[in-house]
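Novice: Quick one: structure below, then a few questions.
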Amino acid sequence: NSHKDFTSIPFITIDGEDSKDFDDAVYAEVNKNSTRIMVAIADVSFFVEKNDPIDLEARKRGNSFYFPDRVIPMLPEKLSNDICSLIPKKIRACVICEIQIKGDEIDKYKFYRGMIKSVARLTYKEVDEIQSKKKSKYFDLVDNLFQALSILIKVSEKRGKLKFNNQEFEVNFKNSDEFEFKKKINYKSYRLIEELMVLANNVTANLLFSKGVKSAFRNHGKPKKEKVIELKKALMDRQIKNNKDFDTQSDFNFYLKNISSKDFDFLNDLMLRTQSKAY
């Protein structure tokens, strides 16, 4: 077995209340001079070999499909919800990305195949409550993660990551015939997991690129000219001075930071719609 023993590291999983499969676990250690972050992703390839029937079927599906009332999984549920799922107190095979940050820059990173044992399955709501009430045996673990988040926000800002404030909704079924759209509570822990996953994806993409490994990357093209014209017209209609070309992320961030509250929701949505879809 080539998997290194990481079972002594107190990883936790943070997911929605209805989640059944826990495919990522996180850990952070914040010191005066550096921050160490570990993101563990369930190692499905430990159980499913390339070109196995399950692998071929998963490739056809591409991903799991989430509907309000059901999930069409990419992998058999025995794997995704049980054998591969990072269930607390169970030893699980993972691919682990360890990242060291100094100041607001990624200093170095390393990948391992390892065995972990999650210490807790927490929900977004619970994590926010632990952070605000400070009364939990998991407080230190959660607090370290939030300290790491404030450092990661600086890393993202330096990179020019766009920060839209979009309100998300979820479908709430009253019964089999009736449903309503409900505003999702914007937990701080959503941003925490988002930044950790972006970080892990970022260093993975860098590694693949530097080694010349052919891979599927998620790419965002520049906004289309006609959409930029539409955006500039909307700014003019609202008497908002605009002298930016919107050909860099920092141009969008300039307005996202400086829009007055009365124009914010409208322009935030418009700037979001101006972006090209990822390919």
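Novice: Count, please, the residues in segment 171-193 that happen to be free of Cβ contacts under 8 Å to residues at least 40 places away in the same chain and either in contact with a strand residue (DSSP E or B) (Cβ under 9 Å, 6 or more places away or on another chain) or of a type outside the set (D, E, K, R) (or both).
Specialist: Summing the residues that are free of Cβ contacts under 8 Å to residues at least 40 places away in the same chain and either in contact with a strand residue (DSSP E or B) (Cβ under 9 Å, 6 or more places away or on another chain) or of a type outside the set (D, E, K, R) (or both) in segment 171-193 gives 10.
Novice: A further question follows. Being more than 21 Å from residue 193 (Cβ to Cβ) and either open to solvent by 70 Å² or more (accessible area, probe 1.4 Å) or assigned to a loop (DSSP other than H, G, I, E, B) (or both) is the filter here, so list the residues in segment 32-53 that pass it.
Specialist: Of everything in segment 32-53, those that are more than 21 Å from residue 193 (Cβ to Cβ) and either open to solvent by 70 Å² or more (accessible area, probe 1.4 Å) or assigned to a loop (DSSP other than H, G, I, E, B) (or both) turn out to be 32, 33, 34, 46, 47, 48, 49, 50, 51, 52, 53.
Novice: Going through segment 20-31 one residue at a time, which ones are more than 16 Å from the chain's Cα centre (by Cα) and assigned to a loop (DSSP other than H, G, I, E, B)? Full working, then the answer.
Specialist: As a first pass, look at segment 20-31 and keep what is more than 16 Å from the chain's Cα centre (by Cα): 20, 29-31.
20, 31 - these are the residues of segment 20-31 that are more than 16 Å from the chain's Cα centre (by Cα) and assigned to a loop (DSSP other than H, G, I, E, B).
Novice: Would a scan of segment 261-269 turn up a residue that is within 30 Å of residue 68 (Cα to Cα), surrounded by 15 or more Cβ atoms within 10 Å (Cβ to Cβ) and not charged (D, E, K, R)?
Specialist: Yes, segment 261-269 contains at least one residue that is within 30 Å of residue 68 (Cα to Cα), surrounded by 15 or more Cβ atoms within 10 Å (Cβ to Cβ) and not charged (D, E, K, R).
Novice: Could you please let me know if residue 106 is of a type in the set (Val, Ile, Thr), out of contact with any Asp or Glu (no Cβ under 8 Å at 6 or more places or on another chain) and open to solvent by 60 Å² or more (accessible area, probe 1.4 Å)?
Specialist: No.
Novice: Here's something else I'd like to know. If you check residue 253 against the conditions, is it modelled with pLDDT under 90 and open to solvent by less than 90 Å² (accessible area, probe 1.4 Å)?
Specialist: Against the criterion (modelled with pLDDT under 90 and open to solvent by less than 90 Å² (accessible area, probe 1.4 Å)), residue 253 qualifies.
Conditions tested, residue by residue: (1) surrounded by 12 or more Cβ atoms within 10 Å (Cβ to Cβ); (2) within 15 Å of the chain's Cα centre (by Cα); (3) not polar (S, T, N, Q).
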site	(1), (2), (3)
147	yes, no, no
158	no, no, yes
178	no, no, yes
188	yes, yes, yes
213	no, no, yes
216	no, no, yes
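Novice: From the list 222, 154, 182, 137, pick out the single residue that is over 30 Å from residue 46 (Cα atoms), assigned to a helix (DSSP H, G or I) and open to solvent by 90 Å² or more (accessible area, probe 1.4 Å). Can you show your working first?
Specialist: Values: 222 fails: assigned to a helix (DSSP H, G or I); 182 fails: assigned to a helix (DSSP H, G or I); 137 fails: assigned to a helix (DSSP H, G or I).
When all the criteria are applied, what remains is 154.
Novice: I would also like to ask the following. Consider only pairs whose beta carbons are under 7 Å apart and that are at least six residues apart or on different chains; among these, list those whose first residue lies in segment 106-134 and is without any contact (Cβ under 8 Å) to a residue 60 or more places away in the chain and whose second residue is hydroxyl-bearing (Ser, Thr, Tyr) and not in a strand (DSSP E or B).
Specialist: 130/136; 130/138
Novice: Does segment 60-108 hold any residues that are in a loop (DSSP other than H, G, I, E, B), farther than 22 Å from residue 118 by Cβ and within 21 Å of the chain's Cα centre (by Cα), and which are they?
Specialist: Quick first cut of segment 60-108, residues in a loop (DSSP other than H, G, I, E, B) only: 62-64, 67-70, 73-76, 84-90, 103-104.
Keeping just the survivors that are farther than 22 Å from residue 118 by Cβ gives 62-63, 67-70, 103-104.
Matches in segment 60-108: 62, 63, 67, 68, 104.
Novice: What pairs come up if the first residue lies in segment 44-55 and is without any contact (Cβ under 8 Å) to a residue 12 or more places away in the chain, the second is open to solvent by less than 70 Å² (accessible area, probe 1.4 Å) and of a type in the set (A, V, I, L, M), and their beta carbons are under 8 Å apart, counting only those six or more places apart or on different chains?
Specialist: Close Cβ pairs (under 8 Å, with a partner that is open to solvent by less than 70 Å² (accessible area, probe 1.4 Å) and of a type in the set (A, V, I, L, M)) amount to 55/48.
Novice: Tally the residues that are farther than 12 Å from residue 145 by Cβ and open to solvent by 40 Å² or more (accessible area, probe 1.4 Å), restricting the search to segment 20-31. Even if it seems obvious, please write down each step before you answer.
Specialist: Going through segment 20-31, the residues farther than 12 Å from residue 145 by Cβ turn out to be 20-24, 31.
Checking which are open to solvent by 40 Å² or more (accessible area, probe 1.4 Å) leaves us with 20-21, 23, 31.
Of the residues in that region, 4 qualify.
Novice: Return the pair list, or none, for Cβ contacts closer than 8 Å from residues in segment 253-276 that are over 20 Å from residue 220 (Cβ atoms) to residues that are polar (S, T, N, Q) and open to solvent by 40 Å² or more (accessible area, probe 1.4 Å), at least 6 apart or on different chains.
Specialist: Hits for this filter: 264/165.
Novice: Looking at segment 236-250, which of the residues that are of a type in the set (A, V, I, L, M, F, W, C) and modelled with pLDDT of 85 or more is farthest from residue 222 (Cα to Cα)?
Specialist: Filtering segment 236-250 for residues of a type in the set (A, V, I, L, M, F, W, C) gives 236, 240, 246.
If we keep only those that are modelled with pLDDT of 85 or more as well, we get 236, 246.
Numbers: 236: 22, 246: 9 Å.
By that ranking, first place goes to 236.
Novice: Something else now. Do you know which residues across segment 10-19 are surrounded by 21 or more Cβ atoms within 10 Å (Cβ to Cβ) and either in a loop (DSSP other than H, G, I, E, B) or without any contact (Cβ under 8 Å) to a residue 12 or more places away in the chain (or both)?
Specialist: 11, the sole residue that qualifies.
The values are calculated or read from the model by the stated rules, or taken from the named source; none is laboratory data. Only a predicted model underlies this, so the values are computations on that prediction, with no experimental measurement involved. We place every Cβ from the backbone using ideal geometry, glycine too, and count neighbours over all the protein chains shown. Remember, those area values only see protein heavy atoms, side chains included, never the ligands or the DNA or RNA. Shrake-Rupley method; radii C 1.70, N 1.55, O 1.52, S 1.80 Å.
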